[in-house]
Amino acid sequence: MPTDSIDRARLQQLTARERAAFADRHPRSAAAYARAGNLFGRVPMTWMNKSAAGYPVYLDRARGARLTDIDGHEYMDFCLGDTAAMAGHSPAPVVEAVTRRLSGLGGASTMVPTEDAALVGAELSRRFGLPAWSFALTATDANRWAVRLLRAVTGRSRILVNSYCYHGSVDESLIVVGPDGRPRSREGNVGAPGDVTLTSRVAEFNDLDGLARELAHGDVAAVLMEPALTNIGIVLPEPGYLAGVRALTREHGTYLINDETHTFSAGPGGATAAWALDPDVITIGKAIGGGVPVGAYGLSAELAARLTGRTDLDLIDMGGVGGTLAGNPVSMAATRATLEEVLTEAAFAAMIEVATAFADGVRKTIAEYALPWSVAQVGARVEYRFAAPAPRTGTESAACADAELEDFLHTYLLNRGVLLTPFHNMALMCPQTTTDDVARHHEVFAAALGELLT
Ligand code: PMP
């Protein structure tokens, strides 16, 4: 049954029923939301209003793959803080390391380094292959600072990204290919500092001809990309695409930044190691801190040498790269513990096995209902999309979004103790996610489709 032949009246009726059930089950979250009048949009961060059910559930506690709201409902958490908690909620080694730092040794923000930072740099180098690392507090800032460094080194002004990418609130990245094939500002772009088509170029993912055409202008300092798009559904690279990107960037004197913030799910060294990639810069954040804020970027030896050789760049004070809290002792302790003791090779192997079971089960249910949907997996991350064959580009993937259908599925799952990532149908596995959790998701997912389609 094609998605557009879904009975929309029935879908709306079921969604209304599920929202009413959600309201009945969540009086405390409703009251907390009502009391939050001094928050902009009633939430600590405006994204938290992305709620299929009408308002957010409020966190009481979270451990491993489980999250409990203030109404006492427990969820199998496949959202995992949209990857920030890929190590599971509050993993014991991270709690111990942070507690040791905060209450044992003391010192949360010091502006002097800890020895943990060098060990984290060494471990990131071992995993991702790039030798020189620096820290931020978010992946957004890691991207911002990497972009500035590459503009400085190349003397070129523009950054190229893929249409419908997401790299955080990086000004240069809020550009898409419009319906007429020309670049334009992404819809809803808030308060852009200028015309993004003057700072950026854009190409579709999986389109080497388009990339070659844009790079031929000779003004692109860096291509900033995810090895697989993960923020507009998952869009996987076609065979030869990533090698083509590498060859073209080299040919045009353009640096390549791989943003591994989400594709870290591919394995202990992200997609870089899993797919034998060779970027000049890697940016990452979220999961590596085990839930504690951290971002990082790694540079090639050539780039690090070129940058440190430049006496005209103020890398030490107010030149636009760095931040007071970046590399703080708490972030570094948490990241060291996460990498050394939690997101290990063995943990990834287990997470990927569970994710594969998730993908297989969703595929089976989709086939049972003959739905024209597709499933994509990047290691521990799985996503289903309302299109088959799977979208090849960000624009194709954006075109098959179905907010109504998504809201129904998310609310249905939420009411039965399964939390998916808002914004899309993403499920992430942490070390504590079990195949029983996956089976429970499948049971509820099949029930939702059963009610909708039969
Ligand atoms: N890069 C990618 C690929 C992301 O998915 C995100 C966030 N979803 C970011 C960067 C930005 O991360 P943060 O919001 O933690 O800065």
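Taken together, the values in this text are just the output of simple stated rules run on the coordinates, not laboratory data. Keep in mind that what you see is a predicted model, and the values were worked out from it rather than measured. Here the Cβ positions follow ideal geometry from the backbone for every residue, glycine too, while neighbour counts run over all protein chains shown.
Tabulated results
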item: HN-Hα J in Hz across region 336-341 - Karplus 6.51, -1.76, 1.60, θ = phi - 60°, x for Gly and Pro; result: 4, 5, 4, 6, 6, 10
item: Rg to Rh quotient for region 89-224, alpha carbon positions, Kirkwood Rh; result: 1.09
item: Quarter of Cα convex hull surface for region 318-454, i.e. mean projection, nm²; result: 11.5
item: Anisotropy class of region 92-342 from Cα gyration tensor, a/c 1.5 cut; result: prolate
item: Region 133-191: mean projected area of Cα convex hull, nm²; result: 5.0
item: As computed over the chain, the Cα convex hull volume per residue (Å³); result: 149
item: Cα gyration tensor shape of region 1-57, rounded if a/c is under 1.5, else prolate or oblate by comparing a/b with b/c; result: oblate
item: DSSP-defined antiparallel bridges as percent of all bridges, the chain, nearest 5; result: 65
item: Residue-averaged 222 nm ellipticity for the chain, from DSSP H runs of 4+ at -39500 (n - 2.57), nearest 500; result: -11500 deg cm²/dmol
item: For region 170-277, the Rg and Dmax computed from alpha carbons only, in angstrom; result: 14.1, 40
item: Radius of gyration, Dmax [region 155-222; alpha carbons; angstrom]; result: 11.2, 32
item: Mean Cβ count within 10 Å, highest first, over the residues of peptides 436-444, 251-259; result: 251-259, 436-444
item: Listed residues A274, G233, A216: farthest to the positive end of the dipole of region 136-277 (Cβ charges); result: A216
item: Semi-axes of the equivalent ellipsoid for region 393-454, Cα gyration tensor, largest first, Å; result: 21, 17, 10
item: Packing-based order for 117-130, 8-21, using average beta carbon neighbours within 10 Å, highest first; result: 117-130, 8-21
item: Equivalent ellipsoid dimensions for region 56-105 as semi-axes, Å, which come from the Cα gyration tensor, largest first; result: 23, 13, 8
